[in-house]
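Notes follow the structure.
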Amino acid sequence: MANIGGVIEAYAGLPADAVAVGAAYFLRPSGQLYFRNNVIATGVAKAMGDWDNNYYFVTYVTSAGAVYRYGVGDRSDAGKTWGPIQWTAVPGSSTPVGHAFVLAPSGDLYYGNDKIASNISSASGWALNTWKGQASLIAKDGTTRMFLDDGSRSFTNLTTNFAGATALVAGYFLKADGTLFYQDSQVATGVQAAQGNIKDAAKASIVLKNGVVEQATGTSLSAPYPAVPVKPSPVGHAFVLAPSGDLYYANDKIASNISSASGWTLNTWKGQASMIAKDGTARMFLDDGSRTFTNLTTNFAGATALVGGYFFTSDGKVFYQDTQVATGVQAAQGNIKDAAKASIVLSNGLAEQANGSSVVATFAVIANRPKAVGGGFCLTPGGNLYYGSSQVLSSVASAVGWGAAGTPICSALGTDGKVRKIQWSNGSASTTTLSTDFSGALVLGGGYILAASGALYLGDTAVETQAITAQGTQGSTSIASYTKYAC
């Protein structure tokens, strides 16, 4: 999804692993760069999108070491594209830092294909509402300048030394000690995170270390945002986690820099908790009078601490303290009575029960609960497609069935990216495999497929190239309704 001028746009077919990089551009770990749900480049390592003068722009670096800028027109320029233009002078190991600015590992800062500064440690670029490129840049010795492309490409020196600071959009600077500046003027202290933005004026969104959220316009702070949750969250028993990362046991702070924690009470009524620090180090806490901590050896960065000493990692593994219990986990919940236990749901639909680090039971019946997909067809969580009680296909990722003139038909997307059309007639199934690779697509009724690129297919034939959403059906002929971009 993307927020375009306050309107939330949803992009059918955009892969779930795509990461937003700005201005309706998305980058997959595989290197595919999307504008909305259309692939515009492959082999991309880094990208950053921005809006400038009726165009959605993106600056991107390929894994082969080439740097490009590309744009898609909107409003009065709808239907137009700009580029891609390759900046051959920019090193291929560089990083886009906003608008047309790119920072090389050597510290050279480029504006388009032109080097404009050297020995830079941090920089941030943007376009003013007059469509003029501007940037803030911090040299490795802490000296700082503002750059403006006003025809003469002028620099303005600031007096504050920002050694070790981060340059933000719109002329804001966040120092390592949590002090936020707008150019040479101090705006706030005790800042945990900040982000600058600009339209008619420079603004910054600020999160303080005490959890308060504020907005700055230039050097002036507005009132805190009361709708933004700033209160600490209970995480079990008498444990409370503050937005700052401070973990409290009742009224006492027992740890800092915590990203995830879970608390409970043992059957001896002693409080216990598992906690993960922001750097991934994990500890167990026990209130045994002396309030002891036990360090774990596994790094659980990005994981979730569960009740009972379980940890659920972002790659789908469950650990009991330092011991791996299960892989391919979709969801898990810990509990404790006389011993630590966990209920685990695997991505294949099976459910397991763990006692400590041992899986003691598997509930296979859950895997056999099929989902009706239409036309008398059902799909199990394990990927088996049935018509009635007869299995007609395996290794199916998704399927849609319908009836055409009394004949049950189903389109099934396989885990291999192929779509197969199954027709049930005279007590048996006939299968036709389409030749197109439909990986990441949505199968629809009537034999239609909405590809990840936004192309709408009927069988192997593309009937539309820029569909956002679609729905198909079949009477005497196949019919689809769809929405598309206005170009």
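The values are calculated or read from the model by the stated rules, or taken from the named source; none is laboratory data. Everything numeric in this text was worked out from a predicted model, so none of it was measured. As a convention, Cβ positions derive from the backbone with ideal geometry for all residues, glycine included, and neighbour counts pool all protein chains shown.
Rundown of residues vs (1) surrounded by 15 or more Cβ atoms within 10 Å (Cβ to Cβ); (2) of a type in the set (Gly, Ala, Ser); (3) at pLDDT 85 or above; (4) more than 25 Å from the chain's Cα centre (by Cα), yes/no style:
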| residue | (1), (2), (3), (4) |
| --- | --- |
| Gly236 | yes, yes, no, yes |
| Lys253 | no, no, yes, yes |
| Ala261 | yes, yes, yes, no |
| Asn267 | no, no, no, yes |
| Gln272 | yes, no, yes, yes |
| Leu296 | yes, no, yes, yes |
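Condition (residue is surrounded by 14 or more Cβ atoms within 10 Å (Cβ to Cβ), at pLDDT below 80 and in contact with a Phe, Trp or Tyr (Cβ under 9 Å, 6 or more places away or on another chain)) applied to the range 455-466: is it met by at least one residue?
Checking the range 455-466: at least one residue is surrounded by 14 or more Cβ atoms within 10 Å (Cβ to Cβ), at pLDDT below 80 and in contact with a Phe, Trp or Tyr (Cβ under 9 Å, 6 or more places away or on another chain).
Look through the range 283-306, keep the residues that are of a type in the set (Ser, Thr, Tyr) and part of a strand (DSSP E or B), and return whichever of them is nearest to Pro234 (Cα to Cα). It would help to see each step written out before you state the result.
To start, the set of residues in the range 283-306 that are of a type in the set (Ser, Thr, Tyr) comprises 290, 292, 294, 297-298, 304.
Applying the additional criterion that residues be part of a strand (DSSP E or B) yields 292, 294, 304.
Details: Thr292: 21, Thr294: 22, Thr304: 15 Å.
My answer is Thr304.
Each row is one residue, and each column tells you yes or no for (1) assigned to a strand (DSSP E or B); (2) among the basic types (Lys, Arg).
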| residue | (1), (2) |
| --- | --- |
| Gly308 | no, no |
| Asp315 | no, no |
| Lys341 | yes, yes |
| Glu352 | yes, no |
| Val359 | yes, no |
| Val392 | yes, no |
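Does Val419 satisfy being free of Cβ contacts under 8 Å to residues at least 40 places away in the same chain, within 27 Å of Phe26 (Cβ to Cβ) and surrounded by 17 or more Cβ atoms within 10 Å (Cβ to Cβ)? Even if it seems obvious, please write down each step before you answer.
On the way: free of Cβ contacts under 8 Å to residues at least 40 places away in the same chain: yes; within 27 Å of Phe26 (Cβ to Cβ): yes; surrounded by 17 or more Cβ atoms within 10 Å (Cβ to Cβ): yes.
Judged against the criteria, Val419 is a match.
Could we say that Thr166 is hydroxyl-bearing (Ser, Thr, Tyr), farther than 26 Å from Pro84 by Cβ and surrounded by 14 or more Cβ atoms within 10 Å (Cβ to Cβ) here?
Yes, satisfied.
For the range 116-139, which positions are over 20 Å from Ala104 (Cβ atoms) and either at pLDDT 95 or above or not assigned by TED's automatic domain parsing to the domain that holds Ala204 (or both)? Break it down stepwise before answering.
Applying the first criterion (over 20 Å from Ala104 (Cβ atoms)) to the range 116-139 yields 127-132.
Matches in the range 116-139: none.
Which of the residues spanning the range 306-347 are surrounded by fewer than 21 Cβ atoms within 10 Å (Cβ to Cβ), hydrophobic (A, V, I, L, M, F, W, C) and touching a residue at least 40 places away in the same chain (Cβ under 8 Å)?
The one that is surrounded by fewer than 21 Cβ atoms within 10 Å (Cβ to Cβ), hydrophobic (A, V, I, L, M, F, W, C) and touching a residue at least 40 places away in the same chain (Cβ under 8 Å): Ile336.
Could you identify the single residue in Thr95, Thr88, Thr81 that is free of Cβ contacts under 8 Å to residues at least 12 places away in the same chain and in the same structural domain as Ile40 (by TED's automatic domain parsing)? Steps first, answer last, please.
On the way: Thr95 fails: free of Cβ contacts under 8 Å to residues at least 12 places away in the same chain; Thr88 fails: free of Cβ contacts under 8 Å to residues at least 12 places away in the same chain.
Matching residue, one of Thr95, Thr88, Thr81: Thr81.
Of everything in the range 140-171, what is farther than 21 Å from Gly107 by Cβ and modelled with pLDDT of 95 or more? Give them in sequence order.
Selection gives Thr159 alone.
Please work out which one of (1) buried (at least 16 other Cβ atoms within 10 Å of the Cβ); (2) in contact with a helix residue (DSSP H, G or I) (Cβ under 9 Å, 6 or more places away or on another chain); (3) over 23 Å from Ala480 (Cα atoms) is the condition Gly382 fails and give its number.
(1) is the only condition that Gly382 fails.
Kindly indicate whether any position in the range 440-454 is of a type in the set (Val, Ile, Thr), surrounded by fewer than 20 Cβ atoms within 10 Å (Cβ to Cβ) and either within 25 Å of the chain's Cα centre (by Cα) or farther than 19 Å from Ala16 by Cα (or both).
no
A quick yes/no check of all residues on (1) at pLDDT 90 or above; (2) farther than 22 Å from Leu137 by Cβ; (3) crowded, with 19+ Cβ neighbours inside 10 Å:
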position	(1), (2), (3)
Val44	yes, yes, yes
Thr59	yes, no, yes
Gly79	no, yes, no
Gln86	yes, yes, no
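Does Gln471 count as surrounded by fewer than 22 Cβ atoms within 10 Å (Cβ to Cβ), within 30 Å of Thr81 (Cβ to Cβ), in contact with a Lys or Arg (Cβ under 7 Å, 6 or more places away or on another chain) and of a type in the set (S, T, N, Q)?
Details: surrounded by fewer than 22 Cβ atoms within 10 Å (Cβ to Cβ): yes; within 30 Å of Thr81 (Cβ to Cβ): yes; in contact with a Lys or Arg (Cβ under 7 Å, 6 or more places away or on another chain): no; of a type in the set (S, T, N, Q): yes.
Criteria not met by Gln471.
Please list, ordered by residue number, the strands (runs of 3 or more DSSP E) wholly in the range 6-111 having 3 or more residues that are of a type in the set (D, E, K, R). Steps first, please.
Numbers: elements: 7-9, 19-22, 25-27, 33-35, 38-41, 44-52, 55-62, 67-73, 81-86, 95-98, 101-103, 109-111.
The qualifying strands (runs of 3 or more DSSP E) are 44-52.
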